[in-house]
Amino acid sequence: MEWLKEALFVREMARKNNEFFGECLPMIASENILSPLCQEMLITDFHGRYAEGTPGNRYYQGCKYFDEVESKAIELAKKLFDCKYADVRPTSGTVANMAIFKAFASPGDNVTVLDTADGAHISFGKWGAAGLRGLNLHIYPFDEEKMNIDVDGAIKLIRQVEPKLALFGQSVFLFPTPLKELAEVAHEVGAKVIYDAAHVLGLIAGGKFQQPLKEGADVMTGSTHKTLPGPQGGVILADKTKEEEKEMKYLDWAVFPGVTSSYHLHHVAAKAIAFAEHLQFGKEYAEQIVKNAKKLAETLYNLGFDVLGKDYGFTESHQVLFRVGKEKGKEAAELLEEGGIIANMNMVPGDEHPLRPSGIRLGVQELTRLGMKEEEMEEVAKFFKRILIDREEPSKVRKDVVEFKKNYRKIHYCFYEGRDPYEFIELIKI
Ligand SMILES: *Cc1c(COP(=O)(O)O)cnc(C)c1O
């Protein structure tokens, strides 16, 4: 049994991690907690199975129940996003973007995109999936005041480079993209318009952000675990069927065999449940997320923080972004962690080095799912002030954070709500 100790060490770290996140305020904008029905799917037999292909069209036997599950996931995704095409197989948002690049572009093609420093995700960058596909990136100008794409500059760029793909969507994403006008120009020059909704997918589905597929996006990709609170995974959505547009077939093949083999069937099952839950609760959840983000931003601002987007209502998403002083992002994020708040350092306009940023990015989606509303956001903002402005001893603030968090250990906006999402589920009593 010489290796048992090692196995139990890992288990112990996982248990401690549950306890740790249970006690603190998790505010990383890309994270969330799973509903009990979704969580259950992750330990089913689907986990160990393969289902290459599409429902009813498999390379392996044994898929009869999974075919039902995947078909249901597709049906629910189409309903949730009011569209005609859904692919639930991508194992992450990045994998969904890779499939797009494989289906619709070739090495050397021009694409237009935001800079990662202005909020684009690394999968749209030179060092990520776009670079891997050998795409030629042309960067939209960015309006730092508005924290958004500079529309006139972007139109000029699109006309000038005539990209194969015009890429939109961000990881730092306070305000909707001015998509209608940009998509129109992109289509004029023959580009496909791709909107990466990873962060804001749950808000879009809840009707609280822009509706990309109705504003000119040909295809929308996303992650299923950020504001859409499902299992880790990706999804591809469009409002054209394979029958209506031949190119959608390339997309199908790009996902498999292009960028997946096993596509984590237990996650597909959990996605289906997350879609059903979002159909039921998504509107209310998304609405509260945006209210909370606005309230948090406004309170932080009133307490003396340099919150971005102040002339435009701070935010229309789940995110809040503030500046902490030149290249002080890392230090601030570390202090926050000591004080029981988990957030990430983030580049803000003017920053040059991703490892020495000057901002902090927050997301309120998880706190909202724990039942927090506007008044709790005011309490949360005060913890930030105590740590970063008053410079109180973080460990002292942490004690109060832990005490505060005790009242918010139940999950909301899902079926069978009320369970503690941080509870460590023991299959074996040790
Ligand atoms: C998070 C994110 C992704 C990647 O998603 P994963 O599921 O983590 O691979 C892609 N695009 C954007 C804009 C993101 O924020």
Quiz prompt | Boolean, residue 96 is under 21 Å from the mean Cα position of the chain (by Cα), open to solvent by less than 30 Å² (accessible area, probe 1.4 Å) and within 15 Å of residue 195 (Cα to Cα) | solution = yes
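Give the residues of the stretch 253-271 that are open to solvent by 10 Å² or more (accessible area, probe 1.4 Å), over 17 Å from the mean Cα position of the chain (by Cα) and on the phi < 0 side of the Ramachandran plot, sorted by residue number.
Pass one, the stretch 253-271, residues open to solvent by 10 Å² or more (accessible area, probe 1.4 Å): 253, 256-262, 264, 266-267.
If we keep only those that are over 17 Å from the mean Cα position of the chain (by Cα) as well, we get 253, 256-262, 264, 266.
253, 256, 257, 258, 259, 260, 261, 262, 266 - these are the residues of the stretch 253-271 that are open to solvent by 10 Å² or more (accessible area, probe 1.4 Å), over 17 Å from the mean Cα position of the chain (by Cα) and on the phi < 0 side of the Ramachandran plot.
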Quiz item: Residues in the stretch 139-154: is at least one within 14 Å of the ligand (Cβ to nearest atom), buried (at least 24 other Cβ atoms within 10 Å of the Cβ) and touching a residue at least 40 places away in the same chain (Cβ under 8 Å)?
Solution: no
Exercise. Those residues that are near the ligand (Cβ under 10 Å from one of its atoms) and of a type in the set (Gly, Ala, Ser), I need them from the stretch 114-135; list them, please.
Key: 119, 120, 123, 128, 129
Self-check item: Counted residues, the stretch 182-236 - those being buried (at least 24 other Cβ atoms within 10 Å of the Cβ), within 13 Å of the ligand (Cβ to nearest atom) and not hydrophobic (A, V, I, L, M, F, W, C)
Solution: 15
Quiz item: Quick one: is residue 48 more than 23 Å from the chain's Cα centre (by Cα) and touching a residue at least 40 places away in the same chain (Cβ under 8 Å)?
Solution: no
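Return yes when residue 167 is away from the ligand (no atom under 13 Å from the Cβ) and at pLDDT 95 or above and no when it is not.
In short, no.
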Quiz prompt | Which listed residue, of 40, 2, 31, 19, is within 30 Å of residue 401 (Cα to Cα) and not in a helix (DSSP H, G or I) | solution = 31
Quiz item: Given the residues 350, 339, which is the only one that is more than 21 Å from the chain's Cα centre (by Cα) and either open to solvent by 30 Å² or more (accessible area, probe 1.4 Å) or among the hydrophobic types (A, V, I, L, M, F, W, C) (or both)?
Solution: 350
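Which residue out of 266, 278 is touching a His at 6+ places or on another chain (Cβ under 7 Å), in a helix (DSSP H, G or I) and not hydrophobic (A, V, I, L, M, F, W, C)?
Every option except 266 fails the conditions.
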Quiz item: Looking at 216, 207, which is the one that is at positive phi and without any contact (Cβ under 8 Å) to a residue 60 or more places away in the chain?
Solution: 216
Quiz item: Can you name every residue in the stretch 286-317 that is surrounded by fewer than 21 Cβ atoms within 10 Å (Cβ to Cβ), of a type in the set (D, E, K, R) and in a helix (DSSP H, G or I)?
Solution: 287, 291, 294, 298, 310, 311
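Look at the stretch 7-39 and say how many of its residues are β-branched (Val, Ile, Thr), more than 24 Å from residue 394 (Cα to Cα) and open to solvent by less than 60 Å² (accessible area, probe 1.4 Å).
1
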Exercise. Please tell me if residue 111 is in a strand (DSSP E or B), hydrophobic (A, V, I, L, M, F, W, C) and within 16 Å of the ligand (Cβ to nearest atom).
Key: yes
Practice problem: Return the total of residues in the stretch 82-108 being in a helix (DSSP H, G or I), within 15 Å of the ligand (Cβ to nearest atom) and touching a strand residue (DSSP E or B) at 6+ places or on another chain (Cβ under 7 Å). | Solution: 6
Quiz item: Out of (1) surrounded by fewer than 17 Cβ atoms within 10 Å (Cβ to Cβ); (2) closer than 30 Å to residue 243 by Cβ, what's the single condition that is false for residue 86?
Solution: (1)
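The values are calculated or read from the model by the stated rules, or taken from the named source; none is laboratory data. Keep in mind it's a predicted model, so treat the numbers as computed, not measured. Cβ sites come from the backbone with ideal geometry, for glycine too, and all protein chains shown count toward neighbours. The protein model used for the area step is the full one, side chains on, heavy atoms only, and it has no ligands, DNA or RNA in it. Shrake-Rupley method; radii C 1.70, N 1.55, O 1.52, S 1.80 Å.
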